[in-house]
Amino acid sequence: MMIGVPYLDRELELKIPDGNLLAVVEPNEVEPSPDARETVRKAVARPLDSPAFGGFLEGAKKILVIVNDATRPTPTEGMLDALGEELHARSARFIVATGAHRAPTEAEYRQILGRHYELFRPRIEAHNARDRSSLVDLGTTRNGTPILLNRALMEAERIVATGSVEPHYFAGYTGGRKAFLPGVAGFETVEANHKLALDPRARALALDDNPVSQDMDDALRLVPGRVFSVMAVLDKHQRLSSCFAGDIRSSFRAAVGAANAIFAVKLERRADIVVSVARHPMDIDLYQSQKAIDNGALALADGGILILVASCRDGVGDRAYIDLLGASATPGEALSRIASGYRLGYHKAAKIAQVAARASIRAVSELDEATLRTAFISKRSSLEQAFAEALAEKGPTAKVAILLDGTVTVPLV
């Protein structure tokens, strides 16, 4: 079978013998919403386990709206089309859930809020995780993570949390409780929470037994104000597929079910060879492309070969994780270093090291061989060469899985 594998602005052709091919997987196609704004309006008009939006806001003088920053594809502008009139009439304030990221630029504010930016501009602030004066200490989670959250949450009588839900490689899913942690949490909280990504239970689709997700749930329980949530689910083309509103736990769980129908793809068994593709724009650097390694590993048998196809056109991204890997002789040493001296961002190194400890990672990439080698990845000059070598090593009966959109496809074996 001949398969076209996306790479930069072209497709790489890969011929796989029919007897070897286990599956070609990518997110499932679903019908996008024919009218995104109307879909959000209907969700808000029929909230889950919550009063109608107007009733939820009734009597409240201090209303806080949490919106995602520009690193998330959340259709915030469309959400505000459904909510904005009520929020404007009640002089709601807005906070951008930056987590540990920087504040948005002027252009990013316009990207996030669209036509609503000028209307709400005087009432918008960006969360600053490093500003201790803006944080309130609420104790610790069941996992010992200190909970420092933005003081604005404590002052609000009603909170409106907006977001989008899709699988996340160590938090289980984005959205819902992530608006609070890491969204408006202190740096110390975010760092301690992300250290829990080293736990093998911190994985895509996992919630109840996932310590990262447990922290988020515990933080949400400590928020005193009532919360109304609006959660979007986008398809693989980042078009609105569905929307759920109301109680934050109910709307999040409903959105999780809708996201699974798109991004969770079943496989009958693990493959001996997995080709996992980081498509544009996630191929920008190794930091983002790593998600294709993590998802690809879910489909890979122990001792197998994972071939990452990712241009990494802008390099490696944040250097902290790559420097740590480069200072370690083996994946095991890297994991030991991370466990003994964690810094925010090291979870990325840990996830790469965990895969490298049980499989061989090769890459077709614009990154140079020496840089890839520091991350326990060996470079191949072409996809054809990488596959031919892998098949020769694993034998004529080896089974092969192809993840054509590896950063967002979650294989379920």
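So, A390, is that one modelled with pLDDT of 95 or more, assigned to a helix (DSSP H, G or I) and assigned by TED's automatic domain parsing to the domain that holds G296 or not? Judged against the criteria, A390 is a match.
One residue is enough: does region 201-212 have a residue meeting the conditions assigned to a helix (DSSP H, G or I), surrounded by fewer than 22 Cβ atoms within 10 Å (Cβ to Cβ) and of a type in the set (A, V, I, L, M)? There is no residue in region 201-212 that is assigned to a helix (DSSP H, G or I), surrounded by fewer than 22 Cβ atoms within 10 Å (Cβ to Cβ) and of a type in the set (A, V, I, L, M).
Every residue, every condition in (1) closer than 30 Å to A202 by Cα; (2) acidic (D, E), yes or no:
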residue: A356; (1), (2): yes, no
residue: A359; (1), (2): yes, no
residue: D368; (1), (2): no, yes
residue: T371; (1), (2): yes, no
residue: S378; (1), (2): yes, no
residue: S381; (1), (2): no, no
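Would you call V230 in a strand (DSSP E or B), in contact with a strand residue (DSSP E or B) (Cβ under 6 Å, 6 or more places away or on another chain) and in the same structural domain as V309 (by TED's automatic domain parsing)?
Numbers: in a strand (DSSP E or B): yes; in contact with a strand residue (DSSP E or B) (Cβ under 6 Å, 6 or more places away or on another chain): yes; in the same structural domain as V309 (by TED's automatic domain parsing): no.
Against the criterion (in a strand (DSSP E or B), in contact with a strand residue (DSSP E or B) (Cβ under 6 Å, 6 or more places away or on another chain) and in the same structural domain as V309 (by TED's automatic domain parsing)), V230 does not qualify.
It is to be established whether one or more residues within region 176-190 are within 30 Å of D81 (Cβ to Cβ), among the hydroxyl-bearing types (S, T, Y) and not in a strand (DSSP E or B). No, that holds for no residue. Residue pairs whose Cβ atoms lie under 6 Å apart, sitting 6 or more positions apart in sequence or on different chains, and linking a residue in region 271-288 that is modelled with pLDDT of 90 or more to a partner that is part of a helix (DSSP H, G or I) and among the small types (G, A, S), are I273/A390; V274/G296; S276/A292; S276/G296; A278/S289; A278/A292; D283/S289.
Being surrounded by 12 or more Cβ atoms within 10 Å (Cβ to Cβ), out of contact with any strand residue (DSSP E or B) (no Cβ under 9 Å at 6 or more places or on another chain) and without any contact (Cβ under 8 Å) to a residue 40 or more places away in the chain, is that true of even one residue in region 12-25?
Pass one, region 12-25, residues surrounded by 12 or more Cβ atoms within 10 Å (Cβ to Cβ): 12, 14, 16, 20-25.
Add one more test, that the residue is out of contact with any strand residue (DSSP E or B) (no Cβ under 9 Å at 6 or more places or on another chain), and what stays is none.
No, there is no match, as no residue in region 12-25 is surrounded by 12 or more Cβ atoms within 10 Å (Cβ to Cβ), out of contact with any strand residue (DSSP E or B) (no Cβ under 9 Å at 6 or more places or on another chain) and without any contact (Cβ under 8 Å) to a residue 40 or more places away in the chain.
One line per residue, one yes/no per condition, for (1) touching a Ser or Thr at 6+ places or on another chain (Cβ under 6 Å); (2) closer than 21 Å to P6 by Cα; (3) aliphatic (A, V, I, L, M):
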position	(1), (2), (3)
A299	no, yes, yes
A310	yes, yes, yes
A320	no, no, yes
L324	no, no, yes
G345	no, no, no
A349	no, no, yes
I352	no, no, yes
A356	no, no, yes
G395	no, no, no
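Summed over region 394-410, the residues that are touching a Gly at 6+ places or on another chain (Cβ under 8 Å) and closer than 18 Å to I262 by Cβ give a count of 2. Taken as a whole, the condition of being free of Cβ contacts under 8 Å to residues at least 24 places away in the same chain and more than 17 Å from K178 (Cβ to Cβ) does not apply to A82.
Scanning region 84-119 for residues that are under 23 Å from the mean Cα position of the chain (by Cα), over 23 Å from M216 (Cα atoms) and of a type in the set (S, T, Y) returns T105, Y109.
The conditions of being at pLDDT 95 or above, β-branched (V, I, T) and out of contact with any strand residue (DSSP E or B) (no Cβ under 7 Å at 6 or more places or on another chain) are met by T145.
Which strands (runs of 3 or more DSSP E) sit wholly inside region 116-172 and have at least 2 residues that are in contact (Cβ under 8 Å) with a residue 60 or more places away in the chain and not assigned by TED's automatic domain parsing to the domain that holds G59? Show your work before the answer.
Working: elements: 124-126, 135-140, 146-150, 158-164.
Ranges flagged: none.
The values are calculated or read from the model by the stated rules, or taken from the named source; none is laboratory data. The structure presented is a predicted model; accordingly, all values stated were derived computationally and were not measured. Here Cβ is always computed from backbone atoms with ideal geometry, including for glycine, and neighbour counts include all displayed protein chains.
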